[in-house]
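Following: one structure in structure tokens, then a few remarks.
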Amino acid sequence: MQRTGIVNYHVHKPERQAFQLDASGIVGNLISPELLPTQVNLTDMRTSGQPLRFDPDGVEFLNAPSAIRNFSGDQWKGPYEHELAQLLTAKIGVRDVVIFDHTLRVDDPKATRKPARNVHSDYSADGARQRLVDLLSPERAAEWSKGHYAFVNLWRPVGHPINSAPLGFVRPSSVEPKDWILLDLIYPDRKGQIMGLVGNASHDWVYLSRMSPDEIAIFNIYDNRGLPSVAHSALDMVEDPTVTTIRKSIETRTLVRY
């Protein structure tokens, strides 16, 4: 089934663009570069006859119920990370998993972390290599770099099925190299680098309708052996206007070694 949604693409400019996060030391304060709102056609993978596969598509939706339902506090982190490590090992065949970040997002103006509404992927090649060093130390990073490693994200709804602002993905096969631009991430205490996506009418957008907390999306961010990075963004759309639940989700960032 095909639907439409609004996404915010990046734009080509002669100068390097940047996001300022927690600007002026205020948590959640975001200063964004110019974005171009664009209506896109969406393929619902709930009914599509062309399923996504992590290899070669870089993204896959899975039925993966979790024993964790309450993501407040810190007591859930150990058990949840154990679940995710087992899932990654079984599904994509990794032998080492380093889980380094969880982001709980709530689609509410008062929330500290809201859904990301720009089309992007979390690391450039240089940003990924620097993050590898930041997480492991230069010595261990050099060891991992001799083999096959990757950054892989996992995204799950929290509390109830997603009715608005679902997470959408662009099939990498529909993206041209010229569509990507480098973007700086400027934090109060460090600087990172991500990839932003510029609009292209050929982009093939996919999502999973009414995704539930028992389902999870696994998607590739950077792979040193060439599995494509997956552009993604929250989609401005509503599945059912009679449902008023607020979109809540948790995204987990991992570093894996095959």
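Say we look at region 214-247 and pick out the residues that are farther than 15 Å from residue 122 by Cα and polar (S, T, N, Q); which of these is nearest to the chain's Cα centre (by Cα)?
It comes out as 245.
Restricting to region 140-183, count the residues that are in a helix (DSSP H, G or I), under 29 Å from residue 238 (Cα atoms) and in contact with a Leu (Cβ under 7 Å, 6 or more places away or on another chain). Working first, answer last.
Step one: of region 140-183, the residues in a helix (DSSP H, G or I) are 140-145, 172-174, 177-179.
From the residues that got through so far, the ones that are under 29 Å from residue 238 (Cα atoms) too are 172-174, 179.
Checking the rest, the ones that are also in contact with a Leu (Cβ under 7 Å, 6 or more places away or on another chain) come to 179.
Number satisfying all stated conditions: 1.
Determine which member of the set 99, 92 is of a type in the set (Val, Ile, Thr), touching a strand residue (DSSP E or B) at 6+ places or on another chain (Cβ under 6 Å) and surrounded by 17 or more Cβ atoms within 10 Å (Cβ to Cβ). Give the derivation first.
Working: 92 fails: touching a strand residue (DSSP E or B) at 6+ places or on another chain (Cβ under 6 Å).
Selected residue: 99, the only one of 99, 92 that is of a type in the set (Val, Ile, Thr), touching a strand residue (DSSP E or B) at 6+ places or on another chain (Cβ under 6 Å) and surrounded by 17 or more Cβ atoms within 10 Å (Cβ to Cβ).
Name every residue in region 28-45 that is modelled with pLDDT under 95 and touching a Ser or Thr at 6+ places or on another chain (Cβ under 8 Å), in order of residue number.
Correct list: 28 only.
The rows are residues; the columns are (1) within 21 Å of residue 33 (Cα to Cα); (2) without any contact (Cβ under 8 Å) to a residue 60 or more places away in the chain; (3) in contact with a strand residue (DSSP E or B) (Cβ under 6 Å, 6 or more places away or on another chain); (4) of a type in the set (Lys, Arg).
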position	(1), (2), (3), (4)
138	no, yes, no, no
142	no, yes, no, no
146	no, yes, no, yes
159	no, no, yes, no
179	yes, yes, yes, no
183	yes, no, yes, no
188	yes, no, no, no
194	yes, no, yes, no
198	yes, no, yes, no
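Which ones in region 27-50 are over 22 Å from residue 196 (Cα atoms) and more than 19 Å from the chain's Cα centre (by Cα)?
First, pick out the residues of region 27-50 that are over 22 Å from residue 196 (Cα atoms): 27, 44-50.
Hits for region 27-50 are 27, 46, 47, 48, 49, 50.
Specify the residue that is surrounded by the most Cβ atoms within 10 Å (Cβ to Cβ); the eligible residues are those in region 1-29 that are closer than 16 Å to residue 165 by Cβ and among the hydrophobic types (A, V, I, L, M, F, W, C).
Among residues in region 1-29 that are closer than 16 Å to residue 165 by Cβ and among the hydrophobic types (A, V, I, L, M, F, W, C), the one surrounded by the most Cβ atoms within 10 Å (Cβ to Cβ) is 7.
So, in region 107-139, of the ones that are charged (D, E, K, R) and assigned to a loop (DSSP other than H, G, I, E, B), which residue ends up farthest from the chain's Cα centre (by Cα)? I'd like the intermediate steps shown before the answer.
Restricting attention to region 107-139, the residues satisfying the condition of being charged (D, E, K, R) are 107-108, 110, 113-114, 117, 122, 126, 129, 131, 134, 139.
When the remaining residues are screened for being assigned to a loop (DSSP other than H, G, I, E, B), the result is 107-108, 110, 113-114, 117, 122.
Values: 107: 16, 108: 19, 110: 22, 113: 14, 114: 13, 117: 11, 122: 7 Å.
The extreme case among them is 110.
Anything in region 162-177 that is farther than 25 Å from residue 215 by Cα and either crowded, with 19+ Cβ neighbours inside 10 Å or touching a residue at least 60 places away in the same chain (Cβ under 8 Å) (or both)? List them, or say none.
Of everything in region 162-177, just one residue is farther than 25 Å from residue 215 by Cα and either crowded, with 19+ Cβ neighbours inside 10 Å or touching a residue at least 60 places away in the same chain (Cβ under 8 Å) (or both), namely 175.
If only one of 105, 131 is closer than 15 Å to residue 222 by Cβ and either out of contact with any Phe, Trp or Tyr (no Cβ under 6 Å at 6 or more places or on another chain) or among the charged types (D, E, K, R) (or both), which one is it?
Working: 105 fails: closer than 15 Å to residue 222 by Cβ.
Just a single option satisfies the conditions, and that option is 131.
Could you please find all residues in region 233-251 being part of a loop (DSSP other than H, G, I, E, B) and either among the aliphatic types (A, V, I, L, M) or touching a helix residue (DSSP H, G or I) at 6+ places or on another chain (Cβ under 9 Å) (or both)? Reasoning before the result, please.
Taking region 233-251 and keeping what is part of a loop (DSSP other than H, G, I, E, B), we get 235, 237, 239-247.
The answer is 235, 237, 243, 246.
Could you please find all residues in region 203-221 being touching a Leu at 6+ places or on another chain (Cβ under 9 Å) and more than 25 Å from residue 36 (Cα to Cα)?
211, 215, 216, 217, 218
For the condition at pLDDT below 95 and at positive phi, what is the one hit in 25, 49, 127?
Working: 49 fails: at positive phi; 127 fails: at positive phi.
Sole residue among the options that is at pLDDT below 95 and at positive phi: 25.
For region 184-232, enumerate the residues that are in a strand (DSSP E or B) and modelled with pLDDT under 95.
Keep residues of region 184-232 that are in a strand (DSSP E or B), which gives 184-186, 191-198, 205-207, 215-223, 232.
Across region 184-232, the qualifying residues are 184, 185, 186, 191, 192, 193, 194.
Restricting attention to region 200-224, report how many residues are within 15 Å of residue 7 (Cα to Cα), in contact with a helix residue (DSSP H, G or I) (Cβ under 7 Å, 6 or more places away or on another chain) and touching a residue at least 40 places away in the same chain (Cβ under 8 Å).
Here is the first cut: in region 200-224, the ones within 15 Å of residue 7 (Cα to Cα) are 200-207.
After this cut, where a residue has to be in contact with a helix residue (DSSP H, G or I) (Cβ under 7 Å, 6 or more places away or on another chain) as well, the list is 200, 202-204.
Filter once more, so that each one left must be touching a residue at least 40 places away in the same chain (Cβ under 8 Å): 203-204.
So the count comes out to 2.
The values are calculated or read from the model by the stated rules, or taken from the named source; none is laboratory data. Given the structure is predicted, the values throughout are model-derived calculations rather than measurements. Neighbour counts run over all protein chains shown; Cβ positions are idealised from the backbone, glycine included.
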